[in-house]
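Take a look at the structure below.
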Amino acid sequence: MNMEFRRKLPEPREVMEMYPVTEEMKAQKAKNDAEIRRVFTGESDKLILVIGPCSADREDAVLDYISRLRKVQDKVQDKVVIIPRIYTNKPRTTGAGYKGMLHQSDPHESPDMLRGLMAIRRLHIKALSETGFSSADEMLYPENHRYLADVLSYVAIGARSVENQQHRLTASGLELPVGMKNPTSGDLSVMVNAIKAAQSGHVFSYGGYEVKSHGNPLTHAVLRGWVNSQGTTFPNYHYEDLSRLCAIYAESGLADPAVIVDTNHSNSGKRWEEQIRISKEILHSTRHSPEIFRLVKGLMIESYIEDGCQKVEDGVYGKSITDPCLGWEKTERLILEIADLRA
């Protein structure tokens, strides 16, 4: 094999013992999970916001941001359920660039997976203990989900991972909502097939064991726009796109039809400020169609303390070092407006 084995990483159990979940934290997470589940099963009409930085780059700024979300959540709790984005590993199209806190707990230093595993566990634990939020993370590496399995309330599977068999099978064994993004090509059949696979039970290899999953009915669609072969982006959040997805779900026989709409990425063409308009347009669509209202369970919004993005070496506190994000003032105003617009 053309690789160097640097060192053996600790088992998930070992890292969990270093940063344990207290009984109080378990109770809070169970409360969060129950409220989120009620949205996906249709028992609650609240709107979910999976919101936060494109990538979690530093613990202090992320916790600062999430503490601000906590104050806003208390104001909009009758209409909105906030799930903070703490995305600790990032897919890179060419493999180059910052791959997230898992790889580099400090983006200014060299990759160190051991430090990264401990850093991402510590960050999620602190978010839960200090703010009461159990957060969302992207499942870029299915095996690594085990390090965070007891602290997450939402999992996203990205546009480049949605066709991968191990991602689909792992999702089938989870007991929390898993969002399957449409692939970058925009082929919705790929996303639907991923949902079907994850809602079914399977026997497969995971964590060194032969396991049997029982299917995850909370696996659902995430629309994030798409890109053609010339690199042109196309949105799929409009009324017609949501109506089409309603029809696809009706024909599919899938459990708990649901979609979370990603307001950034190819839906905005990475024009981060467009997320405000896009969010409001989606809510407008839900008010004009009972089917769309029932289908749209929430929005994904990329947001941080400062507007835009920066290079790693710039070092601006609370400003994204990957995709550009909405700054805090715009974010707070948008969340309050979303709550007001929610029927």
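Values as computed for the structure displayed
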| quantity | calculated |
| --- | --- |
| R38-H108 FRET efficiency (beta carbon distance; Förster radius 51 Å; 0.05 resolution) | 0.75 |
| Tail weight of P(r) past 20 Å, computed on alpha-carbon pairs of region 1-145, percent | 53 percent |
| Cα point-scatterer Debye curve for the chain, base-10 log of I(q)/I(0) at q = 0.08, 0.09, 0.14 Å⁻¹ | -0.34, -0.44, -1.17 |
| Highest to lowest packing among 26-36, 277-287, scored as the average C-beta count within 10 Å | 277-287, 26-36 |
| For region 232-327, the spread of Cα positions along each principal axis, largest first, Å | 50, 26, 23 |
| Region 76-118 shape via C-alpha gyration tensor axes, a/c threshold 1.5 | prolate |
| Region 11-42 and region 224-300: distance between their alpha carbon centers, rounded to Å | 29 Å |
| Inter-site label distance for K79 and K196 at 7 Å from Cα along Cβ, in nm | 3.8 nm |
| Burial ranking of peptide ranges 291-304, 207-220 (average Cβ count within 10 Å, highest at the top) | 291-304, 207-220 |
| Computed over region 115-230, the ratio Rg/Rh where both radii use C-alpha atoms and Rh is Kirkwood | 1.00 |
| Difference of contour (0.36 nm per residue) and Cα-Cα distance, S229 to D187 | 13.8 nm |
| Cα-projected label distance for E281 with E24, points at 7 Å along beta-carbon direction, nm | 4.5 nm |
| Local net charge near M300, Cβ-Cβ under 10 Å (Lys/Arg +1, Asp/Glu -1) | +1 |
| Protection proxy ranking, peptides 139-149, 15-25, average beta carbon neighbours within 10 Å, highest first | 139-149, 15-25 |
| Beta bridges per DSSP with both ends in region 218-326, % antiparallel, nearest 5 | 25 percent |
| Lys, Arg +1 and Asp, Glu -1 on Cβ, resulting dipole of the chain about Cα centre, debye, nearest 20 | 280 debye |
| Per residue value of the accessible surface for region 1-54 (all protein chains in place, 1.4 Å probe), Å² | 67 Å² |
| Summed residue charge, Cβ within 15 Å of E313's Cβ, Lys/Arg positive, Asp/Glu negative | -1 |
| Between region 128-193 and region 302-337, the Cα center-to-center distance that results, in Å | 23 Å |
| Selected from I157, F5, H103, residue furthest toward positive end of dipole (the chain; charges at beta carbon) | I157 |
| Of all DSSP beta bridges in region 140-240, antiparallel share, percent nearest 5 | 45 percent |
| Placed amide H near H202: partners under 5 Å, 5+ positions off or other chain | S213, H214, G215 |
| Dimensionless Rg ratio for region 18-98, taking C-alpha atoms and the 2.2 N^0.38 Å reference | 1.30 |
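The values are calculated or read from the model by the stated rules, or taken from the named source; none is laboratory data. Everything quoted here is computed from the prediction, not taken from an experiment. As a convention, Cβ positions derive from the backbone with ideal geometry for all residues, glycine included, and neighbour counts pool all protein chains shown. Only protein heavy atoms, including side chains, enter the accessible area calculation; ligands, DNA and RNA are left aside. Shrake-Rupley method; radii C 1.70, N 1.55, O 1.52, S 1.80 Å.
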